Amino acid sequence: MVNSLIGAIESGLLYALMALGVYITFRILDFPDLTVDGSFTTGGAIAAVMITKGADPLTATLLACCGGVLAGTVTGLLHTKGRINGLLSGILMMIALHSINMRILGKPNIALLGEKTIFSSISPLWLMPFVVLAIKLLLDLFFKTNLGLALRATGDNKRMIRSFGAHTDTTIILGLSLSNGLVALSGALIAQQSQFADISSGIGMIVIGLASVIIGEAILGARTVFFATLAAVVGSIVYRMVVALALRIEWFEQTDLKLITAVIVIIALVLPSIQRSSKQRALGRKRSSEIAGTYGKNTGIGGGR
């Protein structure tokens, strides 16, 4: 049990970078970017191929991140310059990346057993907290700069930010590039931790990222950027812990992982809606009683003299 939870925390920290990337597109930009499923695999593929060719693991990881940045940039260009719908832009890039990733790998999967990786000399459980914290704080600082504020404003109201002379096309491309760079970085680190890269490793990553963001916001809220990015990290860890506990139930199997993910996302989406509806009904009843009381006092109905 303890080992399962430790493993879940380790996985949660590795996937936290991907969750931060998803937070940028879905919460900051309000952009439904499905490139994530492809760029995650791209990161793992680039890192794995370079490491097996004898490259330094750190260099391989950084170049994997650059591969994700490039993928996000192309998605942004398709949307802003090609005037293609945002959702369709992501789908087209995701499809294209499947073939590109197969070209990079050369075969369905590559094993890294016996190869030197970033985690050869240090456990992910010790290294990743510092990496995740550093990237989270850097993002917090970036979103407080003029460019970061323009990026946030683009997601809130494109017309308003255009009226101030900002180029929304540039901020959209920047946001998508940054997001997919983080996703690819996560893919590269996970490939090194799991000792292999697979062509299908990115399938469903967007759902996992959304689940992490939604769960984290349900726990911590998203009052400020600091808490929003922290929520994405915490949500990633909690999501992995929930999955680990669910898989310990006898009638669940490893093949049910995607089903468990879907159920978690559904619950995370439905519960806040139910809570809001309950609060609105309670507030409505309170207002109705106040109106009825005021009406009774003014007309003398229901009250004594």
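The values are calculated or read from the model by the stated rules, or taken from the named source; none is laboratory data. Small disclaimer: the values here were computed from a predicted structure and weren't measured. Using ideal geometry, Cβ is built from the backbone for each residue, glycine included, and neighbour counts are taken over all protein chains shown. Areas reflect the complete protein model, heavy atoms only, side chains present, ligands, DNA and RNA absent. Shrake-Rupley method; radii C 1.70, N 1.55, O 1.52, S 1.80 Å.
Which order, highest average first, do 65-71, 167-173 follow once you tally other Cβ atoms within 10 Å for each residue and take the mean per peptide? Could the numbers behind the result be given before it?
Details: 65-71: 23.4, 167-173: 18.9.
Ranking, from highest mean packing down: 65-71, 167-173.
About the Cα centre of the chain, what is the dipole size in debye to 20, counting +1 per Lys and Arg Cβ and -1 per Asp and Glu Cβ, all else neutral?
Values: 25 positive and 15 negative charges, 294 e Å.
So the magnitude is around 1420 debye.
When only DSSP loop residues count, what GluC sites (Glu not before Pro) in region 183-273 have their Cβ near at most 16 other Cβ atoms within 10 Å? Show your work: numbers first, answer last.
Numbers: sites: Glu217, Glu250, Glu253; in loops: Glu250, Glu253.
Answer in residue order: Glu250, Glu253.
Can you give me the solvent accessible area of Ser273 with a 1.4 Å probe, rounded to the nearest 10 Å²?
50 Å²
Convert 25 °C to kelvin, take the viscosity as 0.890 mPa s, use the Kirkwood radius over C-alpha pairs of region 1-68 as Rh, and evaluate the Stokes-Einstein diffusion coefficient in µm²/s, rounded to a whole number.
Details: Rh = 13.6 Å.
Rounded to a whole number, D works out at 181 µm²/s.
Applying the Karplus parametrisation 6.51 cos²θ - 1.76 cosθ + 1.60 with θ = phi - 60° to the phi angles of region 202-210, what ³J(HN,Hα) value in whole Hz is obtained for each residue in order, glycine and proline being reported as x?
The phi angles translate into x, 4, x, 4, 5, 5, 5, x, 5 Hz.
So which chymotrypsin sites (Phe, Trp or Tyr not before Pro) in region 206-244 pass both tests, a DSSP loop state and at most 11 other Cβ atoms within 10 Å of the Cβ? Mind showing how you got there, number by number?
Values: sites: Phe226, Phe227, Tyr239; in loops: none.
Filter output for region 206-244: empty list.
Measure off 7 Å from each Cα along the Cα-to-Cβ vector at Leu220 and Trp251, then give the distance between these two points in nanometres to one decimal.
Taking the two extended label points, one gets 3.6 nm.
List the equivalent ellipsoid semi-axes of region 152-240 in whole Å, largest first, each obtained as the square root of 5λ for an eigenvalue λ of the Cα gyration tensor. All intermediate terms of the calculation are to be shown ahead of the outcome.
On the way: eigenvalues 163, 73, 19 Å².
Those come to 29, 19, 10 Å.
Could you sort 41-49, 142-150 so that the peptide with the highest average Cβ count within 10 Å comes first and the rest follow in order?
On the way: 41-49: 29.3, 142-150: 14.2.
So the order, starting with the most tightly packed, is 41-49, 142-150.
Show that you can apply the helix-only estimate: for the chain, add -39,500 (n - 2.57) for every DSSP H stretch of four or more residues, divide by all residues, and state [θ] at 222 nm to the nearest 500. Intermediate values should be presented prior to the final figure.
Working: 11 runs with 228 residues, N = 305.
About -26000 deg cm²/dmol.
Identify, among Thr154, Phe31, Val131, the residue whose Cα sits farthest towards the positive end of the charge dipole of the chain, taking +1 on the Cβ of Lys and Arg and -1 on the Cβ of Asp and Glu, with the dipole about the Cα centre.
Thr154
Running a GNM on the chain with Cα contacts under 10 Å, which residue among Ala231, Ala222, Ala191 ends up with the highest mean-square fluctuation?
Ala222
If packing is taken as the average count of other Cβ atoms within 10 Å, what order do 81-87, 93-99 fall into, highest mean first? Don't skip to the end; give the middle numbers.
On the way: 81-87: 13.4, 93-99: 19.0.
By packing density, highest mean first, the sequence is 93-99, 81-87.
Taking R0 as 51 Å, what FRET efficiency do you get between Ala55 and Leu283 from their Cβ-Cβ distance, rounded to the nearest 0.05?
Details: r = 60 Å, r/R0 = 1.18.
For Ala55 and Leu283, the calculated efficiency is 0.25.
Compute the distribution of all C-alpha to C-alpha distances in the chain, in bins of 20 Å from 0, and list the percent of pairs in each, rounded to whole numbers.
The calculated distribution, bin by bin, is 31, 51, 13, 5, 1.
How high is the FRET efficiency from Arg83 to Leu125, r the C-beta distance, R0 45 Å, rounded to 0.05?
It comes out at approximately 0.45.
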